[in-house]
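The structure appears right after this line, and notes come after that.
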Amino acid sequence: MPNQAKFKRYIWELPVRWSHWTNVLSIVILALTGFFIGNPVSFGGSASDFTMGWIRFVHFTAAYAFAVSVLSRIIWSLIGNEYAGWKAFFPFLTAGGREKMVKMLRYYMFVDKEVPETVGHNPLATTAYFALFMLYILMILTGFSLYAEHAPNGVMHKSLGFMYSLFSNQGMRLAHHVSMWMIFGFIINHIYSAWLMDIKEHGSEISSMFSGYKFTVKKEK
Amino acid sequence: MSKQNNCDVFEKAEQSLETREYSIGEVLKQRGVSRRDFLKFCTAMTAALSLPASFAPSVAQALDEVKRPTLVWMNFQDCTGDTEALLRAANPTVGEIILDILSVDYHETIMAAAGHQADEALEATITKYKGKYLCVVEGSISMKDDGVYGCTSGKTHLELARKVCGSALATIAIGTCAAYGGIAAAVPNPTGAVGVKEAVPGATVINLPGCPCNADNLTATIVHYLVFGKIPAMDSKGRPLFAYGKRIHDNCERRPHFDAGQYVEHWGDDAHRKGFCLYKMGCKGPATFHNCPTQRYNEKTSWPVASGHGCAGCSEPQFWDTMSPLYRRLPNVPGFGIEATADKIGLGLVAGVGAAFAVHGALNALRKDKEPEETKEG
């Protein structure tokens, strides 16, 4: 039905959008500065320069922004609307969610022709987001554990004590580095899927992350 | 061995026990150490223990009065590198003399007695001073197959460690092998080598890892015990905080070059000759806790980074496995072959994901879809 009218619906609340774009910005900054920290270029002209010092400062500042953003999003999943709620991230736990997942998967695998419309998150995407949040938490924990080593027996070092028994120091660096590459893999998938569903669903998938509004064939309850 | 010889050994042991009534200050005087040198040593030890300078007189007073404790030195699966580090100093120091006096009772490498005589000396010491002597362990302990891969005088090291460390006042695990198993414990660890604390969980163990351990840290640990009558404060890995409380990276003399962004790119390049930071050459200073930059080795002459080689991370548990490759920043990724770095694998992953979605996108552009419409599942 190409001429069908759609309903404008407010889906993404302000904290969800803020958290999303803070994540985007901080991940870009963290990845760029992180690459430099892992494999620096000799930019320093004299020993009184502070190139690496400033780049690390930017990395740590962005890390705090990212950690606060991720934590806020987790808290919002307890108080936000149904599309932001934590239940959306475990679609495989309910029969309805599993059915939607299969439908989505069949569409992605070119089995079905009908585009399955999802009002909030698509169930396959939320499953990926759950894995992504696990990566975020691993990133935050390994990152702050490495950071805290400059002040051994400080509050941060002590409260992250369990990390030092789980990982060797170098193992922690490797996990931090490999997780970044996995987040890159996710980003490619994420941007592609957003583009795909934007052109297939015609529901303003991409602009909804700026405005909060989506256009759906289903009316608001 | 004849009965006569046996008696001689016990007589000698008795005599050496009598001389123990002298205080350390008196013994040093007998050995020709001047008061000035003694006070210099006390000040250096105060600094090594991270105590304020005002503590130096207390250290001197305590060492003046304290009676020399008994100490036995056990060599297990080791290369005797820690003994060498202790004995091969260029000039004899007060510290060495203190350790020399302390270690007369039993030290396989340097003691005059051998065979059954040595066994009896050990037996006599640990029986007479049960719960009062200090034990120094060098080398790892083999646990596999009941510890048969490491034996001394017909007893396994495990058996000896349980006996000697178990009834010691405290055990100092000197070197990375004794502390965490070290090189002998590296994958695949054929002998099941472990450190003292793991082999004898009930023992009071002070870990002084390092390959070799810095002899100054050993002396300082013993001085700490003599002065305060207790073992020093330790971190979660059982290492004294005065020696292992800070990262090498944070006290490194090349740190300004790290912060500035001046790095050695190749061995022997201009940056290397100028003494720039060894971070890109795989220096493990950022992952290693030790006081090498401040304490230094061999009469404070030098340490690896000062001589132009990155830190190998030798004072961290499992350093042989976790710190390798020594000349790269990151460890290899298990299961991908030794040449694959995390970045190569990451690039491969990203390229693979990108290619897969490009194909998916092209196929999607070609296909005709049915638009979403109102369905019953709402």
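Annotations for the structure displayed:
- Checking each residue in segment A:75-86 for being surrounded by fewer than 14 Cβ atoms within 10 Å (Cβ to Cβ) and touching a helix residue (DSSP H, G or I) at 6+ places or on another chain (Cβ under 8 Å) picks out A:78, A:82, A:86.
- A search for C-beta distances below 6 Å between a residue of segment B:165-183 that is within 11 Å of residue B:317 (Cβ to Cβ) and any residue that is not small (Gly, Ala, Ser), counting only pairs 6+ apart in sequence or on different chains, returns B:176/B:209; B:176/B:211; B:176/B:314; B:179/B:207; B:179/B:209; B:180/B:317; B:181/B:194; B:182/B:176.
- Filter result for residue A:46 (surrounded by fewer than 16 Cβ atoms within 10 Å (Cβ to Cβ), of a type in the set (Ser, Thr, Tyr) and either under 15 Å from the mean Cα position of the chain (by Cα) or closer than 19 Å to residue A:182 by Cβ (or both)): no
- In segment A:38-60, the residues that are aliphatic (A, V, I, L, M), facing chain B (nearest Cβ under 7 Å) and in contact (Cβ under 8 Å) with a residue 24 or more places away in the chain: none
- Listing of helices (runs of 4 or more DSSP H) fully contained in segment B:1-79 that carry 3 or more residues being closer than 16 Å to residue B:225 by Cα and either touching a Ser or Thr at 6+ places or on another chain (Cβ under 9 Å) or at pLDDT below 85 (or both): B:35-48, B:56-65
- Test: residue in segment A:4-13 that is among the aliphatic types (A, V, I, L, M) and assigned to a helix (DSSP H, G or I): no
- Of the residues making up segment B:166-183, those that are under 14 Å from the mean Cα position of the chain (by Cα) and crowded, with 24+ Cβ neighbours inside 10 Å number 12.
- Residue B:108 being without any contact (Cβ under 8 Å) to a residue 60 or more places away in the chain, within 26 Å of residue B:181 (Cβ to Cβ) and not small (Gly, Ala, Ser): yes
- Per the listing A:117, A:149, the residue uniquely in contact (Cβ under 8 Å) with a residue 40 or more places away in the chain, touching a helix residue (DSSP H, G or I) at 6+ places or on another chain (Cβ under 8 Å) and within 12 Å of another protein chain (Cβ to nearest Cβ) is A:117.
- Entirely in segment B:259-378, the helices (runs of 4 or more DSSP H) that have 3 or more residues that are facing chain A (nearest Cβ under 7 Å) and surrounded by fewer than 18 Cβ atoms within 10 Å (Cβ to Cβ): B:342-366
- In this entry, residue B:154 passes the filter for residues that are out of contact with any Asp or Glu (no Cβ under 6 Å at 6 or more places or on another chain), in the same structural domain as residue B:115 (by TED's automatic domain parsing) and not charged (D, E, K, R).
- The set of residues from segment A:68-107 being assigned to a loop (DSSP other than H, G, I, E, B) and within 25 Å of residue A:138 (Cβ to Cβ) comprises A:80, A:84, A:85, A:90.
- Taking (1) facing chain B (nearest Cβ under 7 Å); (2) touching a Ser or Thr at 6+ places or on another chain (Cβ under 9 Å); (3) not aromatic (Phe, Trp, Tyr) in turn, residue A:204 satisfies each apart from (1).
- Selection status of residue B:110, under 22 Å from the mean Cα position of the chain (by Cα), surrounded by 18 or more Cβ atoms within 10 Å (Cβ to Cβ) and modelled with pLDDT under 80: no
- For segment B:233-241, the criterion of being part of a loop (DSSP other than H, G, I, E, B), of a type outside the set (Ser, Thr, Tyr), under 22 Å from residue B:134 (Cα atoms) and more than 10 Å from chain A (Cβ to nearest Cβ) is met by at least one residue.
- With respect to the conditions (1) buried (at least 17 other Cβ atoms within 10 Å of the Cβ); (2) out of contact with any Lys or Arg (no Cβ under 9 Å at 6 or more places or on another chain), residue B:188 falls short on a single one, namely (1).
- Filter pass, residue A:166 being in contact with a helix residue (DSSP H, G or I) (Cβ under 7 Å, 6 or more places away or on another chain) and of a type in the set (A, V, I, L, M, F, W, C): no
- Any hit, segment A:30-37, residues being away from every other protein chain (no Cβ under 14 Å), part of a helix (DSSP H, G or I) and either farther than 30 Å from residue B:254 by Cβ or in contact with a Gly (Cβ under 9 Å, 6 or more places away or on another chain) (or both): yes
- Some residue of segment A:130-144 being within 14 Å of another protein chain (Cβ to nearest Cβ) and over 25 Å from residue A:34 (Cα atoms): no
The values are calculated or read from the model by the stated rules, or taken from the named source; none is laboratory data. Everything numeric in this text was worked out from a predicted model, so none of it was measured. Every residue, glycine as well, gets a Cβ built from its backbone with ideal geometry; the counts of neighbours run over all protein chains shown.
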